[in-house]
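The values are calculated or read from the model by the stated rules, or taken from the named source; none is laboratory data. As the structure is a computational prediction, the values presented were derived from the model and not from experiment. Heads up, the Cβs are rebuilt from the backbone with ideal geometry, glycines too, and the neighbour counts pull from every protein chain shown. With ligands, DNA and RNA removed, areas are computed over all heavy atoms of the protein, side chains included. Shrake-Rupley method; radii C 1.70, N 1.55, O 1.52, S 1.80 Å.
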Amino acid sequence: MSAAPLPSRARVVVIGGGVIGTSIAYHLAHAGERDVVVLERDRLTSGTTWHAAGLMTCFGSFSETSTRLRLYSRDLYGRLEAETGQSTGFKPVGLVEAAADRDRLEEYRRVATFQRRLGLEVEEVSPAEMAALFPLARTDDLVGGFHVPDDGRVNPVDLTMALAKGARALGVRVVEGVRVEQVTTRPRGAVEEVTGVVTDRGTIECEVVVNAAGMWARELAAANGVVVPNQAAEHYYLVTEPIDGMSPDAPVFEDPASYGYYREEGGGMMVGLFEPVAASWKVEGIPRDFSFGTLPPDTDRVGPFLEKAMARVPVVETAGIRTFFCGPESFTPDLSPAVGEAPGIHGYFVCAGLNSVGILSAGGLGRVVAHWVVSGTPDVDVTGIDVARFRDWQLLPEHRRDRTAEVLGTVYAAHTPGVQLTTSRGVFRSPVHDRLVGAGAYLRDVSGWESPAWYAGPGEQPTAEPTWGRAPWFTHWEAEHRAVREAAGLFDMSFMTKLSVRGPDAVRVVDRLSAGDVSTDGRITYTQWLAEDGGVVADLTVTRLTEDDVLVVASDTARGQVEGLLRRGLGDLDATVTDRTEELAMLSLQGPTSRQVLETVAPEADWSADAFAFRDVRPVRLAGVDVLAARITYVGELGWELYVPAVDAERVWDAVVGAGAPLGLRPAGLAALGSLRLEKGYRDFGHDLDNTDDVWGAGLGFAVALDKPGGFVGHAATAAAKERGTPHHRIVSVVLDDPEPLLFHGEVLLRDGVAVGDVRSGSYGWTVGGAVGLAGVGTDGPVTADWLREGRWEVDVAGTRVPATVTLRPPYDPSSARVRA
């Protein structure tokens with residue numbers, strides 16, 4: 001073990017000497033930041049890297065970020081030896097992915113089309129062609145498959161050593177045998193900033209810490225109040241004795257329906273397992289001295305799953321077993337990594353919880369984190385992986401135990417629309433939960449809340465099966481959608497993040513963050529918060545009640561990010577931030593008869609267009625309850641959001657439903673919310689809008705006040721982008737001309753036969769008569785209305801090209817006349 005001296009200071013300290021930590025250090029050095037120390041508690045790779053299976057496969061993701069991370073990693077591993085002289089063991093032997101049923105074939109066709117646009121070479125192959133590529137597998141019962149010729153395998157230990165060697169060559173110090181005890185911080189306004197790292201061999205003063213501690217990341221982060229809810233779980237593979245016909249150049253073979261992946265290893269075959277019923281390990285905490293460790297296999301639990309995996313390659317059933325391995329891997333509650341700067345601590349970065357894709361993502365993640373550290377902002381969409389998305393309750397032992405066992409079991413499951421997780425449900429319940437259930441709500445998990453997707457009706461038991469096609473419950477969804485367009489719908493949106501900013505400087509804090517004008521009391525403003533580079537980091541509403549009382553409302557998933565931005569923005573100003581999400585119900589009444597409904601419930605208030613204009617906010621009495629009413633919409637109709645004390649929410653719900661029923665009102669769920677807002681072209685941050693978009697490309701320039709006094713964060717970049725003229729990348733509305741196909745996410749858009757973008761969010765537009773979505777498109781020149789109009793547009797839906805209409809303006813009520821009725 002190295003006895004290298006411990007420096008007293010470095011700008012960046014990376015904690016963890018696995019493939020992730022060494023990749024971050026390598027990329028920091030290549031980005032010009034060479035005052036870096038990597039601290040490893042034992043020896044490099046000793047946590048989980050050493051026993052990783054070493055797959056370097058890119059196929060299988062609808063995420064552009066994930067795909068690009070993998071493509072970059074694959075490219076890096078192929079050229080790293082030439083730079084460092086250290087082999088990575090990378091062999092581009094190819095990947096064969098098996099589809100055992102029609103749902104998987106549909107999914108993989110969609111994935112293949114999506115990833116092909118991003119540069120992945122992938123082709124659909126028949127069972128016979130799969131047999132030729134991997135002769136030892138039984139393929140007669142498969143319905144199809146996909147071949148990725150440039151994917152392959154890598155040696156995880158050699159890869160880590162190559163990254164470490166490359167980092168050292170550029171001046172990075174790598175010190176083994178050092179245990180980190182604590183990350184030290186000091187106050188910086190209303191948050192903290194990193195000052196150093198305390199180890200068992202002394203203290204290192206630093207400005208930036210990167211927690212890449214793998215299985216130990218959760219406990220290390222928790223000591224500083226940072227939520228990283230990764231949890232270790234058992235992972236299995238076996239390696240056989242040498243098998244005749246097992247070529248060292250055989251491709252990696254995956255059959256998720258059989259729970260198995262297969263590749264050559266030492267002349268034999270490795271059979272890896274992602275079983276549907278998994279097991280967490282050491283929920284109480286990972287032993288600090290666990291190094292190069294293995295776990296006793298639970299053969300009774302995994303035996304039936306392993307038998308099914310082995311049956312896919314029958315020769316394994318009679319081959320000798322050289323190794324039967326069980327070791328830990330760590331997983332997050334949503335199977336996406338925890339990456340980025342902690343919202344409450346300047347300089348505290350995280351890159352952990354890699355969900356068994358650490359090797360194949362390490363190169364790309366190292367580059368992204370290094371860029372983030374050096375520049376202050378990420379250069380890829382991080383909305384799905386940002387560590388700020390996690391909540392305190394996800395650290396609870398029972399949540400980690402149960403959710404990890406379930407979510408690991410979904411790694412190889414079919415990802416058919418409508419699949420739901422069942423563990424850790426009902427952490428939060430709406431104040432009107434009983435009313436939702438009574439109306440026949442089909443509930444889905446929304447950041448720990450139980451929220452209606454649709455309603456079957458009073459006394460009915462809602463059921464739904466996952467499907468890529470039309471489902472029986474679509475009739476309920478359509479009825480709710482049409483009720484909102486033709487009469488009224490009542491949505492329970494209580495899961496939305498609701499933050500009060502109060503104090504003499506409340507408006508100053510929020511105004512500095514907001515690109516929009518928030519200068520008027522009693523008004524709600526739809527606005528974006530931006531990074532200094534002009535990228536959108538939050539999309540929300542700001543309600544200025546008074547000069548010292550502001551309500552900020554954002555999506556459920558944005559809570560950590562938005563609260564972190566507010567607290568960082570406080571600095572030394574005199575204001576406080578209070579989370580009121582559970583304290584206030586949010587009921588959204590939308591539709592052309594909504595004014596009549598409110599006039600019936602609260603006739604003493606003046607709901608007329610002149611007295612209660614669009615974006616007005618005021619307190620009213622509804623059913624004897626003090627309610628804050630805001631005239632605003634997310635569906636493109638006349639409507640109000642009602643903020644109600646949780647204890648009184650049922651009374652208000654009952655009054656509105658009772659008054660609205662004769663006027664055609666129906667309770668409406670998230671399925672209708674999605675289809676309605678997409679017809680109107682309204683954006684949803686984290687789905688069709690992310691941190692790589694600026695306001696001009698996103699079509700949100702109308703919400704920006706470039707001339708407001710004092711400017712806003714990101715003002716200079718936003719003004720410069722406007723000066724550059726029409727964006728080359730824009731968010732557009734899409735409607736399929738054929739009313740039958742459905743859109744979900746990731747379908748590729750083609751202009752005159754050339755792929756130029758993909759659907760970011762899709763639904764069915766019951767009013768416009770076809771599948772509808774928002775998509776990102778790009779070209780070498782400006783994306784103008786003429787460029788869109790002059791092209792022949794198609795959308796690739798699972799391999800079938802469907803004619804489409806693509807526009808900058810929304811397909812429904814583009815002038816917003818109905819909103820201002």
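Yes or no, residue by residue, for (1) under 22 Å from the mean Cα position of the chain (by Cα); (2) of a type in the set (Phe, Trp, Tyr):
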| position | (1), (2) |
| --- | --- |
| Ala630 | no, no |
| Trp653 | no, yes |
| Gly686 | yes, no |
| Val695 | yes, no |
| Ala716 | no, no |
| Ala719 | no, no |
| Val732 | yes, no |
Can you pull out every residue in region 236-260 that is surrounded by fewer than 24 Cβ atoms within 10 Å (Cβ to Cβ) and hydrophobic (A, V, I, L, M, F, W, C)?
Leu238, Val239, Ile243, Met246, Ala250, Ala257
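Which residue out of Arg263, Arg173, Arg218, Arg186 is more than 30 Å from Pro287 (Cβ to Cβ), of a type in the set (Lys, Arg) and surrounded by 15 or more Cβ atoms within 10 Å (Cβ to Cβ)? So that I can check it myself, show each step before the final result.
Values: Arg173 fails: more than 30 Å from Pro287 (Cβ to Cβ); Arg218 fails: more than 30 Å from Pro287 (Cβ to Cβ); Arg186 fails: surrounded by 15 or more Cβ atoms within 10 Å (Cβ to Cβ).
Exactly one of Arg263, Arg173, Arg218, Arg186 is more than 30 Å from Pro287 (Cβ to Cβ), of a type in the set (Lys, Arg) and surrounded by 15 or more Cβ atoms within 10 Å (Cβ to Cβ), namely Arg263.
Residues are listed down the side, and each one gets a yes or a no for (1) in contact with a Gly (Cβ under 6 Å, 6 or more places away or on another chain); (2) surrounded by 18 or more Cβ atoms within 10 Å (Cβ to Cβ):
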| residue | (1), (2) |
| --- | --- |
| Pro7 | no, no |
| Gly17 | no, yes |
| Thr48 | yes, yes |
| Phe59 | no, yes |
| Glu106 | no, yes |
For region 479-494, enumerate the residues that are open to solvent by 20 Å² or more (accessible area, probe 1.4 Å) and either of a type outside the set (Asp, Glu) or in contact with a Phe, Trp or Tyr (Cβ under 6 Å, 6 or more places away or on another chain) (or both).
Ala479, Arg482
Name the residue that is surrounded by the fewest Cβ atoms within 10 Å (Cβ to Cβ), counting only residues in region 349-394 that are assigned to a loop (DSSP other than H, G, I, E, B) and of a type in the set (Asp, Glu).
Asp379
Scan of region 19-32 for residues that are of a type outside the set (Ser, Thr, Tyr) and either more than 16 Å from Arg179 (Cβ to Cβ) or open to solvent by 10 Å² or more (accessible area, probe 1.4 Å) (or both), ordered by number:
Val19, Ile20, Ile24, Ala25, His27, Leu28, Ala29, His30, Ala31, Gly32
Note on region 534-579: residues farther than 21 Å from Ser494 by Cα and of a type in the set (Ser, Thr, Tyr) are Thr546, Thr576
Taking region 122-154, which residues are surrounded by 19 or more Cβ atoms within 10 Å (Cβ to Cβ) and part of a loop (DSSP other than H, G, I, E, B)?
Val122, Phe134, Leu136, Ala137, Thr139, Leu142, Asp151, Val154
Kindly list, by first and then second residue, each pair from a residue in region 159-170 that is of a type in the set (S, T, N, Q) to a residue that is surrounded by fewer than 19 Cβ atoms within 10 Å (Cβ to Cβ), limited to pairs with Cβ atoms under 9 Å and residues at least 6 apart or on different chains.
Thr160/Trp50
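From Gly469, Gly459, grab the single residue that is more than 24 Å from Leu598 (Cα to Cα), of a type in the set (Gly, Ala, Ser) and either crowded, with 22+ Cβ neighbours inside 10 Å or at pLDDT below 95 (or both). Break it down into steps so the answer makes sense when it comes.
Working: Gly469 fails: either crowded, with 22+ Cβ neighbours inside 10 Å or at pLDDT below 95 (or both).
Just a single option satisfies the conditions, and that option is Gly459.
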Ala232: in contact with a helix residue (DSSP H, G or I) (Cβ under 7 Å, 6 or more places away or on another chain), surrounded by fewer than 22 Cβ atoms within 10 Å (Cβ to Cβ) and not in a loop (DSSP other than H, G, I, E, B), yes or no?
no
Any pair with Cβ under 8 angstrom, 6 or more apart, that starts in region 73-84 at a residue that is within 14 Å of Gly54 (Cβ to Cβ) and ends at one that is surrounded by 23 or more Cβ atoms within 10 Å (Cβ to Cβ) and acidic (Asp, Glu)
Arg74/Asp151
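Is region 585-597 home to any residue that is in contact with a Gly (Cβ under 7 Å, 6 or more places away or on another chain) and over 26 Å from Ala483 (Cα atoms)?
First pass over region 585-597, keeping only residues in contact with a Gly (Cβ under 7 Å, 6 or more places away or on another chain): 588-591, 593-594, 597.
Among the residues that remain, those that are also over 26 Å from Ala483 (Cα atoms) are: none.
There is no residue in region 585-597 that is in contact with a Gly (Cβ under 7 Å, 6 or more places away or on another chain) and over 26 Å from Ala483 (Cα atoms).
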Of the numbered conditions (1) closer than 30 Å to Glu219 by Cβ; (2) of a type in the set (Asp, Glu); (3) open to solvent by less than 20 Å² (accessible area, probe 1.4 Å), Asp35 fails exactly one; give the number of that condition.
(3)
Return yes or no: is Ala609 more than 27 Å from Trp529 (Cα to Cα), open to solvent by less than 50 Å² (accessible area, probe 1.4 Å) and of a type in the set (Gly, Ala, Ser)?
yes
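Among the residues of region 269-281, is there at least one that is over 31 Å from the mean Cα position of the chain (by Cα) and open to solvent by less than 10 Å² (accessible area, probe 1.4 Å)? Quick ask: steps written out before the conclusion?
Here is the first cut: in region 269-281, the ones over 31 Å from the mean Cα position of the chain (by Cα) are 269-270.
So of that shortlist, the ones also open to solvent by less than 10 Å² (accessible area, probe 1.4 Å) come out as 269-270.
Yes; the residues of region 269-281 include at least one that is over 31 Å from the mean Cα position of the chain (by Cα) and open to solvent by less than 10 Å² (accessible area, probe 1.4 Å).
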Just for region 495-517: of the residues that are open to solvent by less than 10 Å² (accessible area, probe 1.4 Å) and β-branched (Val, Ile, Thr), which one is nearest to Gly701 (Cα to Cα)?
Val510
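Let me confirm something: among Ala661, Ala717, which residue is touching a residue at least 24 places away in the same chain (Cβ under 8 Å), open to solvent by 10 Å² or more (accessible area, probe 1.4 Å) and in a helix (DSSP H, G or I)?
Values: Ala661 fails: touching a residue at least 24 places away in the same chain (Cβ under 8 Å).
Within the list Ala661, Ala717, the selection yields Ala717.
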Can you find, within region 438-451, the residue that is nearest to Arg666 (Cα to Cα) among those that are aliphatic (A, V, I, L, M) and in contact with a Pro (Cβ under 9 Å, 6 or more places away or on another chain)?
Ala439
The residue from Thr113, Thr160, Thr88 that alone is assigned to a loop (DSSP other than H, G, I, E, B), open to solvent by less than 30 Å² (accessible area, probe 1.4 Å) and either on the phi > 0 side of the Ramachandran plot or at pLDDT 95 or above (or both) is Thr88
May I ask you to list the residues in region 568-601 that are over 22 Å from Leu670 (Cα atoms), open to solvent by less than 30 Å² (accessible area, probe 1.4 Å) and assigned to a strand (DSSP E or B)?
Val577
When region 38-87 is checked residue by residue, the ones that are in contact with a Leu (Cβ under 8 Å, 6 or more places away or on another chain), within 25 Å of Phe274 (Cα to Cα) and polar (S, T, N, Q) are Thr57, Thr67, Ser73
Do you know which residues across region 547-580 are under 26 Å from Phe702 (Cβ atoms) and among the β-branched types (Val, Ile, Thr)?
Val550, Val552, Val553, Thr557, Val562
Can you give me the number of residues within region 785-799 that are at pLDDT 95 or above, out of contact with any Pro (no Cβ under 9 Å at 6 or more places or on another chain) and farther than 13 Å from Asp752 by Cβ?
3
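Take the residues in region 291-323 that are in a loop (DSSP other than H, G, I, E, B) and surrounded by fewer than 17 Cβ atoms within 10 Å (Cβ to Cβ); name whichever of them is farthest from the chain's Cα centre (by Cα).
Narrowing region 291-323 to residues in a loop (DSSP other than H, G, I, E, B): 291-298, 312-313, 319-320.
Cutting the leftovers down to surrounded by fewer than 17 Cβ atoms within 10 Å (Cβ to Cβ) gives us 291-294, 296, 298, 320.
On the way: Ser291: 31, Phe292: 32, Gly293: 32, Thr294: 31, Pro296: 34, Asp298: 33, Gly320: 42 Å.
Across region 291-323, the extreme among qualifying residues is Gly320.
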If I filter region 668-678 for residues that are within 21 Å of the chain's Cα centre (by Cα), surrounded by fewer than 24 Cβ atoms within 10 Å (Cβ to Cβ) and hydroxyl-bearing (Ser, Thr, Tyr), do I get at least one hit?
no
